[in-house]
Amino acid sequence: MSQEKNLLVNCVICDARNVNEEELKEFEEILINTDFLLVDKRSKVIINHLPIKWNIEHMLQLEEKEEIKLMSYNGKYEITGDVPCEEKTILCVNGALFIHPKTEEILKSFFHIIVNGQVSCPSSMSSFINGISVNGSVEYYPDNYTIMTRKWEMDRYFPIRAKEGGKYFSSKSIEIIDTAVDTTLLVKKGVNFKTKELYVLEEKLKDCMELFNEDVTVQVIPTGYSFIKEDIMFCKETLLKYGNYLYVKGDLLFGAEDKESLKQIEGLYVKGTLYLSEEQFKELNQKNLFYEKVEIIKENTLWKKNKVVVDAEMLSKNKEGISLISCSIVEIAEDVSEQEIKEKVSLINCALVRCNKKQHGAVELVGRKIAKIAYDKEEKEGKETVRVINAEQYIL
């Protein structure tokens, strides 16, 4: 006999018009998360007698055989000026929806639009966003501008390609970090840029003040500094590649083996988070050091791992302790005591930490920015008692 006592349904459209009361009575609790609930006169009466909890955006009463069409896309979907869609069509986009200018009639032709992700919309059509269910973010772009990537790096040949009086928009940031980019030519061409944040070499700053919108946030890379756009774990090869003056846009982590190389740094600016030990922090504070956020960590580190199991053997090999940073899943083994966790483990910015109930208090104590702490036993028991259904369209 099935141990499933509860029913959990996650779907875009839940069609309850053919609901069977006898089949659903076996569940103690039913939770349905849906954007659209479809009912008729008969089913509305039946579902009121069932132990159902609803999280719904819209309820629609239809005739028994009346159809609603679902168009579902994963990734990027663009609404252009093509032929309008069929009547009573729900568009569901899991990813990014890009709305082109002058597509008002196309938008009106959809019964409803649902986006789990990001919507990009012309500023002139902002009023249409109210009719779209967005679980994510909305970005508006100016009409008559060429749309660049969200985080766009200008290459040295762009000033030659740019049109006279051209207008260019990036929704997140623009980087001008190549000394060969001819910003003077862009000024002569009367080019205009709009973005939220500009990363620019100090020697290009004067020209850029004529090229960009007045409210742009400007991040100036000092003359002589090398720009590193990604998160990076410092090592001696970092100095060989970039030199002794570093501007890091992302996060920077120093490991236990970097003590000698660290002494060679002359200037350091970290826009993201700086991860390092207390001893390393004291050393760098004697240099030209600038940072926005800092996390003091243990010298031994594991960074950006998909899955890590922390057991007694690992801790015995790392006498000074270990920091686990930005890891997806961390499992604390049964043979690790609460005291060992408190003394030897540091957890920072990890998505999921699994432990037992006795270890929970210690994990909370040493954890910073942990998305979820879970108990394996409870997770397994929960899965055994709940029937979970994930679907785009589900017939109840």
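The values are calculated or read from the model by the stated rules, or taken from the named source; none is laboratory data. Model, not experiment: these values are computed from the prediction. Don't worry about glycine lacking a Cβ; one is built from the backbone with ideal geometry, like all the others, and counts go over all protein chains shown. To get the accessible areas, we keep the full protein, side chains included, count just its heavy atoms, and leave off ligands, DNA and RNA. Shrake-Rupley method; radii C 1.70, N 1.55, O 1.52, S 1.80 Å.
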| task | Might you let me know whether the range 37-49 holds any residue that is part of a strand (DSSP E or B), modelled with pLDDT of 80 or more and of a type in the set (S, T, N, Q)? | result | no
| query | Taking the range 188-210 as the search range and keeping residues that are more than 27 Å from the chain's Cα centre (by Cα) and under 13 Å from Phe169 (Cβ atoms), which one is least open to solvent (accessible area, probe 1.4 Å)? | reply | Val191
| Residues satisfying the stated conditions in the range 234-247, i.e. surrounded by fewer than 16 Cβ atoms within 10 Å (Cβ to Cβ) and in a strand (DSSP E or B) | none
| note | Residue count, the range 311-339, condition open to solvent by 60 Å² or more (accessible area, probe 1.4 Å), in a loop (DSSP other than H, G, I, E, B) and over 15 Å from Lys358 (Cβ atoms), comes to 2
| request: Kindly indicate which of Asp215, Asp182, Asp178, Asp155 is open to solvent by less than 40 Å² (accessible area, probe 1.4 Å) and among the acidic types (Asp, Glu). | output: Asp178
| task | Considering only residues that are open to solvent by 90 Å² or more (accessible area, probe 1.4 Å) and without any contact (Cβ under 8 Å) to a residue 12 or more places away in the chain, look in the range 280-290 and name the one that is farthest from Tyr245 (Cα to Cα). | result | Lys282
| task | Just need a number here: residues in the range 291-303 that are surrounded by 13 or more Cβ atoms within 10 Å (Cβ to Cβ) and over 15 Å from Leu324 (Cα atoms). | result | 2
| request: Collect the residues in the range 104-125 that are under 15 Å from Phe169 (Cβ atoms) and among the hydroxyl-bearing types (Ser, Thr, Tyr), keeping them in residue-number order. | output: Ser120, Ser123, Ser124
| Residues of the range 248-284 satisfying the condition of being in a loop (DSSP other than H, G, I, E, B) and out of contact with any helix residue (DSSP H, G or I) (no Cβ under 9 Å at 6 or more places or on another chain) | Lys249, Gly250, Asp251, Gly255, Glu266
| Is it the case that Glu139 is surrounded by 13 or more Cβ atoms within 10 Å (Cβ to Cβ), in contact (Cβ under 8 Å) with a residue 12 or more places away in the chain, over 25 Å from Cys14 (Cβ atoms) and acidic (Asp, Glu)? | yes
| Residue list for the range 93-130, restricted to those being surrounded by 17 or more Cβ atoms within 10 Å (Cβ to Cβ) and among the hydroxyl-bearing types (Ser, Thr, Tyr) | Thr103, Ser120
| said: Out of the residues in the range 352-363 meeting the condition of being of a type outside the set (S, T, N, Q) and touching a strand residue (DSSP E or B) at 6+ places or on another chain (Cβ under 7 Å), tell me which one is surrounded by the most Cβ atoms within 10 Å (Cβ to Cβ). | reply: Val353
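Listed here are the residues, each with its yes/no results for (1) modelled with pLDDT of 90 or more; (2) among the polar types (S, T, N, Q); (3) over 20 Å from Met233 (Cα atoms).
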position: Glu331; (1), (2), (3): yes, no, yes
position: Ile341; (1), (2), (3): yes, no, yes
position: Leu347; (1), (2), (3): yes, no, no
position: Cys350; (1), (2), (3): yes, no, no
position: Cys355; (1), (2), (3): yes, no, yes
position: Gln359; (1), (2), (3): yes, yes, yes
position: Gly367; (1), (2), (3): yes, no, yes
position: Ala374; (1), (2), (3): no, no, yes
position: Lys377; (1), (2), (3): no, no, yes
| field | Single condition Asn144 does not satisfy, out of (1) open to solvent by 60 Å² or more (accessible area, probe 1.4 Å); (2) more than 30 Å from Lys229 (Cβ to Cβ); (3) over 28 Å from the mean Cα position of the chain (by Cα) | value | (2)
| said: Report every pair of residues separated by at least 6 positions or lying on different chains whose Cβ atoms are under 7 Å apart, first residue within the range 72-92 and under 27 Å from Leu38 (Cα atoms) and open to solvent by 40 Å² or more (accessible area, probe 1.4 Å), second of a type in the set (D, E, K, R) and at pLDDT 80 or above. | reply: Pro84/Glu105
| query | Pairs, please: C-beta under 8 Å, at least 6 apart or cross-chain, first residue more than 18 Å from Val220 (Cα to Cα) and touching a residue at least 40 places away in the same chain (Cβ under 8 Å) and in the range 165-187, second open to solvent by 30 Å² or more (accessible area, probe 1.4 Å) and in a loop (DSSP other than H, G, I, E, B)? | reply | Ser171/Arg150; Ser171/Lys196
| note | Considering residues that are in contact with a Ser or Thr (Cβ under 6 Å, 6 or more places away or on another chain) and either among the aliphatic types (A, V, I, L, M) or part of a strand (DSSP E or B) (or both), the number found within the range 7-34 is 4
| task | Being out of contact with any helix residue (DSSP H, G or I) (no Cβ under 7 Å at 6 or more places or on another chain) and acidic (Asp, Glu) is the filter; apply it to the range 20-61 and report the residue that is surrounded by the fewest Cβ atoms within 10 Å (Cβ to Cβ). | result | Glu22
| query | Regarding Lys305, is this residue assigned to a strand (DSSP E or B) and among the charged types (D, E, K, R)? | reply | no
| request: Check the range 249-260 and report whether any residue there is of a type in the set (A, V, I, L, M, F, W, C) and modelled with pLDDT under 90. | output: yes
